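What follows is a set of notes on a single structure, which appears directly below.
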Amino acid sequence: MPRYFLNIYNDGDVPDEEGIEAEDLGAAKGEAIRGARSLIADHVIEGRPITLSHRIEVEDGNGQVLATIAFGEVVTIRP
């Protein structure tokens, strides 16, 4: 199973040193989306601002960015 790395770029950039094994890129993107939503939820609970341009980048084992998941793409905000 391929290994993907989910690098977080928000208030403090966090490179993924371990990575995850996922069936394919779609599954890795799903994990990145869940991670982004979890981080957003933490900010809401703590009353901190959410920056919609923050992101998680999905990389392969060679360091190539395969997908970028922006926080603004994983939530719906209505007035």
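Taking segment 32-51 on its own, how many of its residues are over 12 Å from Leu6 (Cα atoms) and touching a residue at least 40 places away in the same chain (Cβ under 8 Å)? Adding up the residues that qualify gives 1. Per the listing Leu66, Leu52, Leu39, the residue uniquely part of a loop (DSSP other than H, G, I, E, B) and either crowded, with 16+ Cβ neighbours inside 10 Å or among the aliphatic types (A, V, I, L, M) (or both) is Leu52. Every condition in (1) over 15 Å from Gly12 (Cβ atoms); (2) out of contact with any Lys or Arg (no Cβ under 6 Å at 6 or more places or on another chain) is met by Val74 except one, and the failing one is (2). Of the residues Glu23, Glu57, Glu31, Glu18, the single one that is assigned to a strand (DSSP E or B) and modelled with pLDDT of 95 or more is Glu57.
Here His54 passes the criteria (1) free of Cβ contacts under 8 Å to residues at least 40 places away in the same chain; (2) of a type outside the set (Gly, Ala, Ser); (3) in contact with a Phe, Trp or Tyr (Cβ under 8 Å, 6 or more places away or on another chain) except the one numbered (1).
The values are calculated or read from the model by the stated rules, or taken from the named source; none is laboratory data. Worth saying up front: this structure is predicted, and the values here are computed from it rather than measured. As a convention, Cβ positions derive from the backbone with ideal geometry for all residues, glycine included, and neighbour counts pool all protein chains shown.
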